[in-house]
Amino acid sequence: MGNLIATRPPQPWTAPTASDPVAATLRLPGSKSMTARALVLSALAGGPSTLAGPLRARDTELMAAGLRAMGAHMSISDDERWLVRPHPLVGPAHVDVGLAGTVMRFVPPVAGLADGRITLDGDPQARTRPLGPLIGALRSLGVRVDAPATGSLPLTVLGAGRVVGGEVVIDASASSQLVSGLLLAAPRFDRGVVVRHVGPPVPSAPHLRMTVQMLRAAGAAVDDGTPDVWVVEPGPLTGRGWQIEPDLSGAVPFFAAALVTGGEVTLQGWPRSSAQPVEQLRSLLQRMGGEVTLSTGGLTVRGTGAVHGLTADLSDVSELTPALTALAMLADSPSVFTGVGHIRGHETDRLTALAREFTALGADITESPDGLEIRPRPLHGGVFETYHDHRMAHAAAVAGLAVPGVELSDVACTSKTMPEFPALWSAMVTGKS
């Protein structure tokens, strides 16, 4: 079970309560997952790349800053179009990972390709997140890594300007990012990489599929045809233009608002073919009482006036757990969520945090080793601790739609992936932009 670190600013943010069905058309920032991967692939490419519609938020700015510290040229002053010019990677450099899993797991393999000493550290909670399997994998691939015996931050990569690569066995059951980090840098390894996962199932499989798709789009040869085995051949990566999709995980609280209020929310700019797990989300929202349609206008979710409970394995879409838990609190029947034990090692122990904070609001919720059981009953207002976790803030905001007086201890933590969240949310609920 992870650590819960709570600090309460003096003035909580009261989540607005909906008096009418919401009716909103939104254009949300780009996907954090796609932006992070595009930055890494662009920094390792043979020529310049552009990112159209990237996410500007704390996590992605930390990624850009970390790659820039090692020598990549990053031009990110334009919110709509970022430019990356690769350059030989060198140390010494320090990388602040903040609380970003993508930075702490994608940068160390890249740092192995740098010529020099690269140190990584981040927020206090970041030191509790699991890096041991990645550290062990890098060492077996020929990278020198100095790290605490706990297999966590802070760590130092003593880059030699090249990584031998080869075959590695890893237990990535704590996070798919442990595999993605190795794969993204692997085309630049002398021998590429063969990653074999051994252990409980790797969570968030759609994120691994995104990694493979984006590697191929950059010119890498990747074979993922054998379950739990990924083969990346050595070879050049091509600089290119990346079109970043809107962030599906960031849209989920807004879609949940449509169900809670019996309203309608459209996310503009949604592609016909997506690297994100839209079909899984569509199924979950439909089972909970929503209607989901994709048209030229975007991805639209309509509420039907009722929210239903459900039993679901969320292992592929674990980022959605907090918002779906808030929905389940307001449903007409119980819910059971499983397959998400690994989110105990995210920004906070999300299962314990959700159970604790919703119980404080009067909920009947029980945590299991890998999930939550929710039995809806009337809730009341109160302060909801966010634990510096943007997804916890999203869950509280969803609950606040139907429960007056829900106060978020720190809504500013949403800047991790969507600095505009408080303004967008309030405008949606009140109908005033």
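The values are calculated or read from the model by the stated rules, or taken from the named source; none is laboratory data. Only a predicted model underlies this, so the values are computations on that prediction, with no experimental measurement involved. Cβ: placed from backbone, ideal geometry, glycine included. Neighbour counts: every protein chain shown. Keep in mind that these areas ignore ligands, DNA and RNA; they rest on the heavy atoms of the full protein, side chains included. Shrake-Rupley method; radii C 1.70, N 1.55, O 1.52, S 1.80 Å.
The table for this structure:
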| read-out | value |
| --- | --- |
| Packing-based ranking, highest mean first, of 303-313, 400-410 given that Cβ atoms within 10 Å are counted | 400-410, 303-313 |
| Chain lengthening between SER295 and THR150 when straightened (0.36 nm per residue, less Cα-Cα) | 47.3 nm |
| Area accessible to solvent at MET329, 1.4 Å probe radius, in Å² | 10 |
| Carbon and sulfur %, accessible surface of segment 25-79 computed with the full protein complex present, 1.4 Å | 49 |
| Of all accessible heavy-atom area on segment 261-327, the percent that carbon and sulfur account for (1.4 Å) | 44 |
| Fraction of accessible area attributable to carbon and sulfur, segment 153-227 (%, probe 1.4 Å) | 51 |
| Positive-end residue of VAL398, VAL164, LEU131, charge dipole of the chain with Cβ unit charges | VAL164 |
| GNM result for the chain, Cα springs below 10 Å: residue of SER31, SER75, SER318 fluctuating most strongly | SER75 |
| Residue-averaged 222 nm ellipticity for the chain, from DSSP H runs of 4+ at -39500 (n - 2.57), nearest 500 | -9000 deg cm²/dmol |
| Accessible area of the chain divided out per residue, in Å², using a probe of 1.4 angstrom | 36 |
| Gain in span if fully extended, GLN11 to ARG191, counting 0.36 nm per residue against the direct Cα distance | 59.4 nm |
| Signed unit charges on C-beta, dipole axis of segment 203-324, positive-most listed residue VAL222, GLY235, SER274 | SER274 |
| Accessible-area value, ARG356, 1.4 Å probe, nucleic acids and ligands omitted, Å² | 120 |
| Computed accessible area, ASP79, all protein chains, 1.4 angstrom probe, square angstrom | 80 |
| Taking all pairs of distinct alpha-carbon atoms in segment 365-433, Kirkwood radius in angstrom | 13.2 |
| Overall Cα dimensions of segment 169-274, principal axis frame, Å, largest first | 54, 36, 19 |
| Directionally averaged shadow of segment 222-316, computed from the convex hull of its alpha-carbon atoms, nm² | 8.3 |
| Euclidean distance between Cα centres, segment 219-237 to segment 67-125, Å | 23 |
| Charge dipole magnitude, Cβ of K and R +1, D and E -1 - the chain, Cα centre, debye nearest 20 | 780 |
| DSSP beta bridge pairing in the chain, given as percent antiparallel to the nearest 5 | 65 |
| Segments 196-203, 292-299 sorted - mean Cβ within 10 Å per residue, highest first | 196-203, 292-299 |
| Net charge dipole size for segment 140-282 [Lys, Arg +1 and Asp, Glu -1 on Cβ; Debye, nearest 20] | 280 |
